[in-house]
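First up is the structure itself, then whatever we jot down about it.
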Amino acid sequence: MASYTKAAQQWATFARAWYLLDAKMQPPGKIAAATVIRLEGRHKPIYHALSDCGDHVVIINTRHIAFSGNKWEQKVYSSHTGYPGGFKQVTATQLHLKDPTAIVKLAVYRMLPKNLQRRTMMQRLHLFPEDVIPEDIEKNLLQEIPQPRAVPKRLDEYTPEEIAAFPRVWTP
């Protein structure tokens, strides 16, 4: 009887959980940092670098990520085909218009450890450009990862009472 409880306890320890992360108005680097911890399994007490104990991470709203400053035009993603003259450079804006999930995928991929487990961990990453998730994935979700950066409300989201109650620093 005791072995049955141990087996159930061990299964619960090593079971892969599914986490949800909303990327709306979040920088890709902060999203990737929070995601990599769950993909590697570093949040678990049983973590070891050689064990594959990471969880699944579902990231929604990748179309609505936010870069600070002028990075949409200045950040360049480079690749090479392997042929002479095959060096390609694409700005973040061009890459985002072509594939809204590519920037987040590249950020996570580059933040993962450079070893043989990286591709296996990337298979447990699920990216969606909007907040629509397939039903079979949605039923597996267990917990939501808090957004790394607090999203401030826009001015049109405040009620007139809140605007009137806001303290005046300077009166004309």
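A few notes on this one:
- Computed with a 1.4 Å probe on the full set of protein chains, the accessible area for Met111 sits at about 90 Å².
- Net charge of neighbours whose Cβ lies under 13 Å from the Cβ of Arg119, counting Lys and Arg as +1 and Asp and Glu as -1: +3
- The value given for the chain is a Kirkwood hydrodynamic radius of 18.9 Å, derived from the mean inverse Cα-Cα separation.
- Rolling a 1.4 angstrom probe over region 1-158 with all protein chains present gives an accessible area of which 57% lies on carbon and sulfur atoms.
- Pairs exceeding 28 Å between alpha-carbon atoms, taken from Lys44/Lys139; Lys88/Lys153; Lys44/Lys98: Lys88/Lys153; Lys44/Lys98.
- The chain, relative contact order [Cα under 8 Å, separation at least 6], %: 31
- Straight-line reach from Lys24: taking Cα to Cα under 17 Å and skipping same-chain neighbours fewer than 8 places apart, the aspartates and glutamates in range are Asp99, Glu130, Asp131, Glu144, Glu157.
- Stretch in the chain that is longest and holds no chymotrypsin sites (Phe, Trp or Tyr not before Pro) that DSSP places in a loop and that have at most 15 other beta carbons within 10 Å: 48-157
- Take the Cα of Glu73, go 7 Å toward its beta carbon, and the backbone nitrogen atoms of region 89-129 under 19 Å from that spot belong to 89-98.
- The listed residues His96, His80, His43 rank as His80, His43, His96 when sorted by accessible area, largest first, using a 1.4 Å probe.
- Residue-wise HN-Hα couplings along region 142-156, as the Karplus relation 6.51 cos²θ - 1.76 cosθ + 1.60 with θ = phi - 60° gives them from phi, are 10, 8, 9, 7, x, 5, x, 10, 5, 8, x, 6, 7, 4, 6 Hz; Gly and Pro carry x.
- Largest accessible area first, the listed residues Lys6, Lys71, Lys30 line up as Lys6, Lys30, Lys71 when surface is computed with a 1.4 Å probe on the assembled protein chains.
- Accessible area per residue for region 53-158, computed on protein heavy atoms with a 1.4 Å probe, is 66 Å².
The values are calculated or read from the model by the stated rules, or taken from the named source; none is laboratory data. All values reported here derive from a predicted model rather than from experimental measurement. With ideal geometry, Cβ positions are generated from the backbone for all residues, glycine too; neighbour counts draw on all protein chains shown. Protein only, heavy atoms only, side chains kept; ligands, DNA and RNA dropped before computing areas. Shrake-Rupley method; radii C 1.70, N 1.55, O 1.52, S 1.80 Å.
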